[in-house]
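Trainee: The structure under discussion is supplied below as structure tokens; questions concerning it will follow.
All of the numbers you see were taken from the coordinates with simple rules; none came from a lab. This structure is a prediction, so every number in the text was calculated from the model and none was measured.
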Amino acid sequence: MSNKNIDKETILALKDGIELLSGKWKFCILHNLQQHGTMRFKDLQEMAQGISPKVLSKELQELEDNLLISRTVNDTKPVTVSYALTAYAKETEKVANALIKFGLKHRNKIKAK
């Protein structure tokens, strides 16, 4: 494989990763599930302050479609739905932690200027 192909593959992989995790809320949802384990829809909405139910539903659906979370309909009255990380999603934890670390460093740098 030539360097040109490696560069193209690297760029495509980066674009895939960014697209998969893009959006204002995906990392927030994943982080909350990483920190708290299985959560109900309402709990996720409360933790992600400012997210509307419609947007949360859309983000959860996209995360489920991409095999990052699982959705379980609980046989309760009223019916409740809970969400949990898949084993595959645990690979995003290092990315999230790196972004948090960089974000904190960047915020401090900007404040200091």
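Trainee: Greater than 27 Å separation of Cα atoms is the criterion. Which listed pairs, Lys15/Lys90; Lys15/Lys42; Lys24/Lys90, meet it?
Mentor: On the way: Lys15/Lys90 20 Å; Lys15/Lys42 31 Å; Lys24/Lys90 19 Å.
Violating the 27 Å Cα-Cα cut-off are Lys15/Lys42.
Trainee: On to the next question. Please say if the chain is rounded, prolate or oblate, where rounded means a/c under 1.5 for a ≥ b ≥ c the square roots of the C-alpha gyration tensor eigenvalues, and otherwise the choice is prolate for a/b larger than b/c and oblate otherwise? Before the final figure, lay out the partial values.
Mentor: Values: a/c = 2.51, a/b = 1.44, b/c = 1.75.
The shape class here is oblate.
Trainee: With springs only between Cα atoms under 10 Å, which of Ala89, Ala98, Ala48 fluctuates most in a Gaussian network model of the chain?
Mentor: Ala98
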